[in-house]
Each structure stands twice: as structure tokens, then as C-alpha cells.
Amino acid sequence: MRTKITEMFEIEHPIIQGGMHCVGLAELVGAVANAGGLGMVTALTQPSPEHLKAEIARTREITDKAFGVNLTFLPSVSQPDYPGYIRVIVEAGIKVVETAGNNPVKWLPGLHEAGIKVIHKCTSVRHALKAEAIGCDAVSVDGFECGGHPGEDDVPNMILLPRAADTLKIPFVASGGMADGRSLVAALAMGAEGMNMGTRFVATTEAPVHQNVKDAIVAASELDTRLVMRPLRNTERVLINAGVERLIAKEKALGDRITFADIGPEVAGVYPQIMYNGEMDAGAWSCGMVAGLIDDVPTVRDLIDRIMAEAELIIRARLAGLLDAPAAVRAAA
């Protein structure tokens with residue numbers, strides 16, 4: 001399948017594994033690349049630029065295909081060494097960077113000078129237009145269904161993606177609710193050039209997380225996520241657990257008076273406990289509503305091959321058949 005995204009990033013399939021804290025490590029990134037997609041090493045999971053350099057090298061031991069690096073720009077009292085991370089990315093010859101969080105305009109000239117394509121994650125059309133205006137090469141449009149931070153507009157992908165297609169000149173991929181061949185075909189039909197998957201890739205054999213995390217995703221339905229930190233305008237979609245219930249109770253009790261310090265025990269530094277140790281009630285961790293569509297833990301290659309085979313079947317057989325079939329057959333379909 002050839003799209004503007006496969007051509008821009010020189011990949012076989014229009015499927016991207018987005019950056020995920022404590023998940024975007026060499027094992028998963030290399031497996032996605034080897035299966036024809038675009039994997040992303042999550043830079044800020046690494047405690048320093050030198051650690052990122054080592055993780056990129058480790059990924060190259062697994063694959064000789066293209067992969068990218070996710071770099072999220074966050075407001076922080078103690079800023080990460082962003083110049084150092086970018087230096088490592090450039091020196092390592094990485095050709096794709098996924099940016100997220102704050103506006104990346106400050107860093108674009110250096111990335112572009114190094115021949116790096118930049119795809120920025122956006123949760124609204126206005127943010128996507130801003131990314132286009134500052135020179136991003138592509139955007140990932142994240143609908144309200146997505147795990148992690150869906151923004152504050154609450155617009156689902158059935159509306160957001162066509163709006164993006166009507167407005168943007170640069171290519172975009174769909175993120176949020178993406179899990180299978182149906183997701184890919186729907187995203188393409190609404191104007192996207194591919195799809196970005198997060199939660200679905202966590203539930204794969206190669207994802208370097210505790211089995212408890214994978215089991216929790218498989219067991220969950222589309223009703224098992226919650227939105228937290230909305231009073232702080234830092235909304236995050238997470239999977240329900242005892243830690244999240246504690247967090248929600250604090251939000252209800254404190255209302256507009258709540259601060260980040262109040263929920264620190266449920267959100268600060270809990271990812272390693274959950275992802276690596278399998279302590280599922282430690283606190284909040286990102287998970288999309290797409291968990292309701294996930295019922296197995298395949299290898300990455302099996303997953304991507306299955307997605308592409310299903311997408312081809314839908315396009316060639318069902319959709320083409322609807323155009324060619326008599327009215328009675330179309331009605332039955």
C-alpha cells in the first residue's frame with residue numbers, strides 16, 4: 001500500500017508506532033520496523049542523551065530498516081536536555097522525529113537542516129494548522145478516543161479526521177481508536193494517509209512491558225477508561241484501576257482547588273512500577289478506548305500482516321463489491 005506517508009518515511013506499510021513512555025524501547029521499535037511499519041524510540045524514557053544514543057544503537061542491532069524518535073516537549077521546572085537529545089538524534093542519522101507537547105518551532109530548523117522529517121502530534125485542527133504553518137512535514141491527528149492526552153475539545157475521529165482533510169495541505173495520520181484493518185481503511189477513507197497505534201502495540205509479544213499490562217488491556221472493554229486531570233486542563237485518558245479511583249476521588253473532593261501535588265502519588269513516577277513491575281493499581285497509565293477491540297497478544301509482525309490483509313480484503317472485496325453488485329446484494333451487505 002502506497003500513501004504519502006509511506007513515501008515520506010520510506011516504509012512499507014502506513015502504520016506508525018507512536019512514542020509511549022516506558023514502552024517505546026528497542027524491542028518494540030525494531031519489531032515494528034522489521035514488519036514494515038515505522039517504530040519510534042521514546043527519547044524522554046531515556047534519562048539522558050547518552051542513554052538515548054545507546055537505545056538507538058540497541059535498536060539498530062535489531063533492525064536495519066528506518067525508525068524514528070519521539071521527542072515530547074513538556075513544561076517542567078527541571079527541563080530535559082533537549083539540545084543534547086537533538087544532537088544525539090542528528091548524529092545518529094535518524095530521519096524521522098515525532099514531536100509532541102509544546103510547539104516545536106524552536107527546534108525545527110536544526111532538524112530540517114539535518115534532513116529530518118518532523119511529524120507533530122495534534123489534538124485539534126487549529127493545532128494541526130499551526131504545525132503546518134511552522135513547517136512540520138506531517139501531523140498525527142489524535143481523536144478524543146486516544147489514550148494519553150486527548151486535548152480539551154473532545155472531538156472524536158469521525159469528525160476530526162474529515163475536518164483535518166478539508167483543511168490541511170500536509171499529510172496526516174489518524175491516531176486514537178486504531179487497532180485493525182477496519183481502522184486503517186476508515187482512516188484512509190476520511191483523508192488520512194495512515195494510522196498511528198499506541199495501545200494496540202502495547203498488547204504485543206515484543207512490547208517490553210509486564211505481562212500484567214498486556215493482560216489488563218485484553219481484559220478491558222471500551223467502557224474501562226477514564227479521563228483524569230481535567231480540572232488541571234491536562235486531561236489524560238487512562239485505564240481504570242484502584243489508583244485511578246483514588247485520583248478521581250481526590251478530584252471530586254477538591255474540585256477546582258486541586259493541584260498536581262494533590263495527585264502526585266497517583267501520577268508521579270508510577271510508570272516504571274506499572275510497566276516494568278506489573279503493579280497495576282499503582283496509579284494512572286495511558287490507555288485508549290480501543291482496548292475494547294483488543295483480545296489477543298500477537299507478535300508485531302503477525303499484527304501488522306493481519307491489519308494489511310484485512311484492509312486489502314475490505315477495499316478489494318467488500319467496498320469494490322458494493323459498487324459492482326446489484327441493488328439487492330448491496331442491501332444485504
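The values are calculated or read from the model by the stated rules, or taken from the named source; none is laboratory data. Every value quoted in this text rests on a predicted model; they were computed, and no experiment measured them. Reconstructed Cβ throughout: ideal geometry from the backbone, glycine too, with neighbour counts over all protein chains shown. In case anyone asks, the SASA skips ligands and DNA or RNA and just uses the protein heavy atoms, side chains included. Shrake-Rupley method; radii C 1.70, N 1.55, O 1.52, S 1.80 Å.
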Step by step: first the residues of the stretch 257-291, then only those that are within 22 Å of Q17 (Cβ to Cβ) and open to solvent by 50 Å² or more (accessible area, probe 1.4 Å), then the one that is nearest to the chain's Cα centre (by Cα). Which residue is that?
M289
Is there any pair linking a residue in the stretch 218-230 that is surrounded by 13 or more Cβ atoms within 10 Å (Cβ to Cβ) to one that is modelled with pLDDT under 95, with Cβ under 6 Å and at least six apart or on different chains, and which?
none
Quick one: would you say P83 is open to solvent by less than 20 Å² (accessible area, probe 1.4 Å) and over 30 Å from A187 (Cα atoms)?
no
Considering only residues of the stretch 292-333 that are assigned to a loop (DSSP other than H, G, I, E, B) and either modelled with pLDDT under 85 or open to solvent by less than 30 Å² (accessible area, probe 1.4 Å) (or both), which is nearest to I217 (Cα to Cα)?
I294
Flagged pairs (Cβ under 6 angstrom, 6 or more apart or on separate chains; first in the stretch 77-106, in contact (Cβ under 8 Å) with a residue 12 or more places away in the chain and more than 14 Å from T45 (Cα to Cα); second in a helix (DSSP H, G or I) and not aromatic (F, W, Y)) are G84/P49; V88/P49; V88/L52; V88/K53; A92/I56; V97/L111; V105/I134
Taking the stretch 43-66, which residues are open to solvent by less than 10 Å² (accessible area, probe 1.4 Å) and within 17 Å of the chain's Cα centre (by Cα)?
A43
Tally time: how many residues in the stretch 67-80 are within 18 Å of G19 (Cβ to Cβ) and either among the hydroxyl-bearing types (S, T, Y) or surrounded by 14 or more Cβ atoms within 10 Å (Cβ to Cβ) (or both)?
9
Do you know which of the residues in the stretch 89-106 that are more than 18 Å from the chain's Cα centre (by Cα) and within 25 Å of M197 (Cβ to Cβ) is most open to solvent (accessible area, probe 1.4 Å)?
K95
Taking the stretch 231-256, which residues are open to solvent by less than 20 Å² (accessible area, probe 1.4 Å) and part of a helix (DSSP H, G or I)?
G243, V244, L247
Quick one: count up the residues across the stretch 12-35 that are over 17 Å from the mean Cα position of the chain (by Cα) and not charged (D, E, K, R).
2
Kindly provide the set of residues from the stretch 139-189 that are of a type outside the set (A, V, I, L, M) and within 12 Å of the chain's Cα centre (by Cα), ordered by number.
S140, D142, G143, E145, C146, G147, G148, H149, P150, S175, G176, G177
State whether one or more residues within the stretch 139-161 are acidic (D, E), closer than 30 Å to M308 by Cα and in contact with a Pro (Cβ under 9 Å, 6 or more places away or on another chain).
yes
So the check is Cβ under 8 Å with 6+ separation or different chains; which pairs have a first residue in the stretch 18-35 that's on the phi > 0 side of the Ramachandran plot and open to solvent by less than 20 Å² (accessible area, probe 1.4 Å) and a second one that's modelled with pLDDT of 95 or more and part of a loop (DSSP other than H, G, I, E, B)?
C22/V209; C22/Y276
Among the helices (runs of 4 or more DSSP H) contained in the stretch 8-100, which hold 2 or more residues that are under 20 Å from S140 (Cα atoms)?
26-34
Among residues of the stretch 1-27, those that are among the polar types (S, T, N, Q) and in contact with a helix residue (DSSP H, G or I) (Cβ under 8 Å, 6 or more places away or on another chain), counted
2
Within the stretch 127-207, which helices (runs of 4 or more DSSP H) (wholly inside it) include 1 or more residues that are touching a Phe, Trp or Tyr at 6+ places or on another chain (Cβ under 7 Å) and open to solvent by less than 40 Å² (accessible area, probe 1.4 Å)?
157-167
